[in-house]
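Note sheet for the following structure.
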Amino acid sequence: MHTNAAIIGVGQSAYTRRPQPGQSTHTFIRDAVVAALADAEIDPREVDGLAVASFSLAPDAAVWLVQDTNGGSSAMNMLGHALRAVETGAASVILVTGGDATGLGGYAKVAANFNIVTQLHLAPLGHGGPNGVYALVTSRQMKTYGLQKSDYGHLAIAQRAWAAHNPYAVYRAPMTMQDYLAAPLVADPLSRYDCVPVVAGAQAIVIAYPDRCPRGRASLRVRAHRASFNYDNQEGDGLQTGISTFAGELWRAAGVGPEDIDVASIYDDYPALVLAQLNDLGMIPGSDLARFARRDIGERRFPLNTWGGMLSAGQPGGPAGGLNGISEAVLQLQHRAGARQVDGARLAVTTGYGMTLYRYGGTAAAAVLERAE
C-alpha cells in the first residue's frame, strides 16, 4: 500500500533572455519534459497526470489535469495537488511543468493585465508593473527593520556566486558590491540587480510513488506542504507573507525545525521578499534581517538559492519560476548538484510567492523535503 509520494525526476530547458525564431513556450516545455522523464526513467506513456503553469501557452490549456496561473506560487501549488493526487490514487505518475517564451515586451503586457485591478487602476498610472509595487514594499521593509541598500546586495552577490557553477544560469559573471550599488535604478530603491530577469525557458518535475525512483538514487520525500491564499485581503503592509499563517504548522507536520534545514530554495523575484519569507519561516533569529543578510548570507554561512536563484539564473515566466527552486532542492538532497553541492544535505525547504493582486503577493506556499535513503 502506497502511503506517500516522492519527487523522482527533474529537468529543464535552456534559458535565454531573448527567444530565437523557432523557440516557443511549447518547445521549451517539451525540452524540460523530455529531460525530466529521462531523469526519472519514466516512459511518457506511463504519465497519467499533468500540471502546467504558463502565461503564454494559449490556445492550449492544461485522467488528472491542473493548470495554475498564480504566478510565483504556481509551482508550489501544483506540487501540493500532485502529491495529494498520487497519495489518494487519483494518478500514479504526474508531470508538473511550466514555462514561458513571451519575450520582454510580452511579459510587460502580461504584467499590465494580470488582473482587473491592475488593468483598470494601476496600468493607466504607468506604475511600472511589479517593480513599482515591490519598490514600495522594499522601502517599507528597509525602514521597519533598519536595512541598508547594501544588505540586499549581499543576497544578490551570494546568489551570483552560486550561479557561476550553474551552466543554465543566464548571468554567471562575478558581481561585487560596487557593481551592485552602481547599477542603474529601476524603481527607487530597486536597481537592476534587485529585479528578477525574465527569461524564456521551462522546468519540469515528476511526482510518483517512491518505489519508482531510479535505482541507486535517493528518493525525495515531501515531509510537509502548506499554502495560503489572500490571507489578509491586501489590507496589511506586505512585510509578511501568507507563510506567516502556517509556518508553525508546517514545521510541526514535518517533525523538524528551521534550525535543521541544510539548504533553502526561497522564491526570489526581489531580495526583500526572500528576507520576508525567511523571517516568516522563523529562520532569521530575532527577526534581525540586517544581521542575517550581512552575516549568514554575506559570509556564505547559509546555503540559499544555490542554483543562483532567479535573480541570476533567470525567471522562466511568472508561473514556472518556483519549479527551479524545487528542482535545485531535489538535486541537492540527491547529492547531484556538482560544484554547487552542499555537503551532507538531507533537509531542504522550498517556497513560492505570487499572485500580486495590486499591493503585494496574495498567495504563498512552502514545503519541507527530505532525502530518503
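All told, residue 68 meets the bar of being of a type in the set (D, E, K, R), under 24 Å from residue 269 (Cα atoms) and within 21 Å of the chain's Cα centre (by Cα). Does residue 322 count as assigned to a strand (DSSP E or B), within 25 Å of residue 68 (Cα to Cα) and either touching a Gly at 6+ places or on another chain (Cβ under 6 Å) or among the charged types (D, E, K, R) (or both)? Considered against the rule, which asks whether it is assigned to a strand (DSSP E or B), within 25 Å of residue 68 (Cα to Cα) and either touching a Gly at 6+ places or on another chain (Cβ under 6 Å) or among the charged types (D, E, K, R) (or both), residue 322 comes out as no.
Could you tell me whether segment 250-271 includes any residue that is more than 17 Å from residue 370 (Cα to Cα), open to solvent by 10 Å² or more (accessible area, probe 1.4 Å) and not in a loop (DSSP other than H, G, I, E, B)? No, there is no match, as no residue in segment 250-271 is more than 17 Å from residue 370 (Cα to Cα), open to solvent by 10 Å² or more (accessible area, probe 1.4 Å) and not in a loop (DSSP other than H, G, I, E, B).
Among the residues of segment 125-139 satisfying the criterion of being over 15 Å from residue 277 (Cα atoms), in a helix (DSSP H, G or I) and not aliphatic (A, V, I, L, M), which is modelled with the highest pLDDT? That would be 139.
Applying the set (1) outside any strand (DSSP E or B); (2) out of contact with any Leu (no Cβ under 7 Å at 6 or more places or on another chain) to residue 33 leaves exactly one unmet item: (2).
Of the residues making up segment 175-223, those that are over 23 Å from the mean Cα position of the chain (by Cα) and among the charged types (D, E, K, R) are 179, 188, 211, 212, 215, 217. Among the numbered conditions (1) under 30 Å from residue 56 (Cβ atoms); (2) in a helix (DSSP H, G or I); (3) over 21 Å from the mean Cα position of the chain (by Cα), the only one that residue 243 does not meet is (3). Residues that are open to solvent by 10 Å² or more (accessible area, probe 1.4 Å), out of contact with any strand residue (DSSP E or B) (no Cβ under 9 Å at 6 or more places or on another chain), under 27 Å from residue 126 (Cβ atoms) and not charged (D, E, K, R) within segment 177-208 comprise 186, 187, 189, 193, listed in sequence order.
So that you can scan it fast, the table gives a plain yes or no per residue for (1) of a type in the set (Phe, Trp, Tyr); (2) surrounded by fewer than 20 Cβ atoms within 10 Å (Cβ to Cβ); (3) outside any helix (DSSP H, G or I):
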{"position": "55", "(1), (2), (3)": "yes, no, yes"}
{"position": "65", "(1), (2), (3)": "no, yes, yes"}
{"position": "72", "(1), (2), (3)": "no, no, no"}
{"position": "79", "(1), (2), (3)": "no, no, no"}
{"position": "82", "(1), (2), (3)": "no, no, no"}
{"position": "85", "(1), (2), (3)": "no, no, no"}
{"position": "90", "(1), (2), (3)": "no, yes, yes"}
{"position": "96", "(1), (2), (3)": "no, no, yes"}
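Residue 39 falls short on exactly one of the conditions (1) over 23 Å from residue 198 (Cβ atoms); (2) part of a strand (DSSP E or B); (3) of a type outside the set (Val, Ile, Thr), and that condition is (2).
Each row is one residue, and each column tells you yes or no for (1) open to solvent by less than 10 Å² (accessible area, probe 1.4 Å); (2) part of a loop (DSSP other than H, G, I, E, B); (3) out of contact with any strand residue (DSSP E or B) (no Cβ under 8 Å at 6 or more places or on another chain).
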residue	(1), (2), (3)
329	yes, no, no
339	no, no, yes
350	yes, no, no
358	no, yes, yes
364	yes, no, no
369	yes, no, no
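Anything in segment 157-176 that is open to solvent by less than 50 Å² (accessible area, probe 1.4 Å) and in contact with a Ser or Thr (Cβ under 6 Å, 6 or more places away or on another chain)? List them, or say none. Of everything in segment 157-176, those that are open to solvent by less than 50 Å² (accessible area, probe 1.4 Å) and in contact with a Ser or Thr (Cβ under 6 Å, 6 or more places away or on another chain) turn out to be 159, 160, 163, 169. Scanning segment 305-346 for residues that are modelled with pLDDT under 95 and over 14 Å from residue 13 (Cα atoms) returns 318, 319, 322. Being in contact with a Gly (Cβ under 8 Å, 6 or more places away or on another chain), modelled with pLDDT of 95 or more, assigned to a helix (DSSP H, G or I) and closer than 22 Å to residue 142 by Cα is a property that residue 290 has.
Evaluated against (1) touching a helix residue (DSSP H, G or I) at 6+ places or on another chain (Cβ under 7 Å); (2) of a type outside the set (D, E, K, R); (3) at pLDDT below 95; (4) assigned to a loop (DSSP other than H, G, I, E, B), residue 354 falls short on exactly one condition, (4). Do you know which of the residues in segment 293-319 that are among the charged types (D, E, K, R) and either touching a Cys at 6+ places or on another chain (Cβ under 8 Å) or part of a helix (DSSP H, G or I) (or both) is nearest to residue 187 (Cα to Cα)? Filtering first and then ranking leaves 294.
The values are calculated or read from the model by the stated rules, or taken from the named source; none is laboratory data. Predicted, not measured: the structure shown is a model, and the values here were computed from it. With ideal geometry, Cβ positions are generated from the backbone for all residues, glycine too; neighbour counts draw on all protein chains shown. Each accessible area value is taken on the protein alone, full model and side chains, heavy atoms only, with ligands, DNA and RNA left out. Shrake-Rupley method; radii C 1.70, N 1.55, O 1.52, S 1.80 Å.
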